[in-house]
Amino acid sequence: MKLSLVIALYNEAGNILPLLHNIVEALDSVSYELILVDDGSTDGSADIIQRHLLPCIKLVRLRKNYGQSAAMAAGIEAAAGEFIVTMDADLQNDPADIPMMLEVLLRGKWDVVAGIRKHRKDGLLLRKIPSNIANRLIRNSTGILLHDYGCTLKIFRREFARNLGLYGHLHRFIPVLAAVQGARMTEVEVRHHPRVSGQSKYGMGRSVLVISDLIFILFLQKYFQRPMHIFGPIGLMMFLTGSVMSLYLLMLKIGGERIGQRPLLVISVMLILAGLQFVFFGIITEILMRTYYESQHKRSYHVREVVTYNAVLT
């Protein structure tokens, strides 16, 4: 199987038949499978798919609505293709762009090719502006210079897609998760169409969640394998600051001044205790990190290839 197209859908009954038609027409020259993940739809989406099953279609039905990240993870797990494509089911992504993206990936030996929605057909106030703010924030924070993190249309080499670790609402951060594995990424402009049926599942409320997810992603990207490097310096700085304050107060006490009513005394004690807690928390997270890797025999590194004298093993 050359290509696995993974589409997570939730209440997209009006879009399913046009979607299937567009995919079959666009990928007629590619060996592919289509994995449709029904994320607990209540509008009969799964029934429509079952009535129009083709040999290349696999329907994965989740027991309830888990969210897009979990649905994408379920589809990727079920995929058998050498390359995995993710796409939305709302007809805004165009499957006709997939052969071009596959060609770019193979020609440039990339691991991930991400789409940039050209002439995006979404509302300015509720969709474009929040998305642009989120893209800029993620780009500047992570150092991964992609322009459209919210575009679902992406193509991956199988080994990278299978190890993304999608939980919660982390699908927006897929490029960061791939970069943690050492993926080589590029981006290309893709077409974007207006939604003609169904309702968007996005809104201003989700923009707020980006901030909390970004904090976790930054920790995952920079400190997951060395958590003591973030908790240790903070704890030591707080402990030393509190100790200097306490030493200053001790000198005042020796000089005969009263320090019991000084707010500085309370602050110094709190800084010392908080600093110790941060240091101990760093030690605990180091132990948890080692347990995570060693108990499951996970590697803390990813090998791209091994080159020998007469062969290349990948």
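Might you let me know whether the stretch 57-70 holds any residue that is in contact with a Phe, Trp or Tyr (Cβ under 6 Å, 6 or more places away or on another chain) and surrounded by 23 or more Cβ atoms within 10 Å (Cβ to Cβ)? No, the conditions are met nowhere in the stretch 57-70.
The condition (being in a loop (DSSP other than H, G, I, E, B) and closer than 16 Å to residue 190 by Cβ) is satisfied by just one residue among 168, 150: 150.
Every condition in (1) of a type in the set (Val, Ile, Thr); (2) surrounded by 15 or more Cβ atoms within 10 Å (Cβ to Cβ); (3) modelled with pLDDT under 95 is met by residue 307 except one, and the failing one is (2). In the set (1) at pLDDT 95 or above; (2) surrounded by fewer than 15 Cβ atoms within 10 Å (Cβ to Cβ), residue 1 fails one condition alone, (1). In the stretch 42-60 there is at least one residue matching the filter, namely being under 29 Å from the mean Cα position of the chain (by Cα) and acidic (Asp, Glu).
Restricting 69, 41 to residues that are of a type in the set (Ser, Thr, Tyr) and farther than 23 Å from residue 149 by Cβ narrows the list to 41. Within the stretch 276-299, the only residue that satisfies the criterion of being exposed (fewer than 12 other Cβ atoms within 10 Å of the Cβ) and small (Gly, Ala, Ser) is 295.
Going through (1) at pLDDT 90 or above; (2) loosely packed, with under 15 Cβ neighbours inside 10 Å one by one, residue 129 falls short only on (1). Do we have residue 220 as at pLDDT below 85, surrounded by 13 or more Cβ atoms within 10 Å (Cβ to Cβ) and of a type outside the set (Gly, Ala, Ser) here? Judged against the criteria, residue 220 is a match.
Okay, residues lined up against (1) at positive phi; (2) at pLDDT 90 or above; (3) in contact with a Phe, Trp or Tyr (Cβ under 9 Å, 6 or more places away or on another chain):
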residue: 135; (1), (2), (3): no, no, yes
residue: 138; (1), (2), (3): no, no, yes
residue: 142; (1), (2), (3): no, no, yes
residue: 150; (1), (2), (3): no, no, yes
residue: 155; (1), (2), (3): no, yes, yes
residue: 161; (1), (2), (3): no, yes, yes
residue: 168; (1), (2), (3): yes, no, yes
residue: 171; (1), (2), (3): no, no, no
residue: 180; (1), (2), (3): no, no, yes
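Among the residues making up the stretch 74-99, those that are hydrophobic (A, V, I, L, M, F, W, C), assigned to a helix (DSSP H, G or I) and more than 15 Å from residue 153 (Cα to Cα) are 74, 78.
For (1) farther than 23 Å from residue 65 by Cβ; (2) touching a Lys or Arg at 6+ places or on another chain (Cβ under 7 Å); (3) polar (S, T, N, Q), each residue gets a yes or a no:
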{"residue": "87", "(1), (2), (3)": "no, no, no"}
{"residue": "94", "(1), (2), (3)": "yes, yes, no"}
{"residue": "106", "(1), (2), (3)": "yes, no, no"}
{"residue": "119", "(1), (2), (3)": "yes, no, no"}
{"residue": "144", "(1), (2), (3)": "yes, no, no"}
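Once the stretch 6-44 is narrowed to residues that are part of a helix (DSSP H, G or I) and out of contact with any Asp or Glu (no Cβ under 9 Å at 6 or more places or on another chain), the residue that is surrounded by the most Cβ atoms within 10 Å (Cβ to Cβ) is 16. Consider the stretch 245-265 and keep the residues that are assigned to a helix (DSSP H, G or I) and surrounded by fewer than 10 Cβ atoms within 10 Å (Cβ to Cβ). The one that is nearest to the chain's Cα centre (by Cα) is 263.
When residue 80 is tested against (1) among the aliphatic types (A, V, I, L, M); (2) under 30 Å from residue 109 (Cβ atoms); (3) surrounded by 15 or more Cβ atoms within 10 Å (Cβ to Cβ), just one condition goes unmet, and that condition is (3). Taking each residue of the stretch 83-106 that is in contact (Cβ under 8 Å) with a residue 40 or more places away in the chain and on the phi > 0 side of the Ramachandran plot and looking for partners that are crowded, with 22+ Cβ neighbours inside 10 Å and assigned to a loop (DSSP other than H, G, I, E, B) with beta-carbon atoms closer than 9 Å, six or more apart or interchain, yields 91/12.
The values are calculated or read from the model by the stated rules, or taken from the named source; none is laboratory data. Source: prediction; values computed, not measured. In this analysis, Cβ positions are derived from the backbone assuming ideal geometry, glycine residues included, and neighbour counts consider all displayed protein chains.
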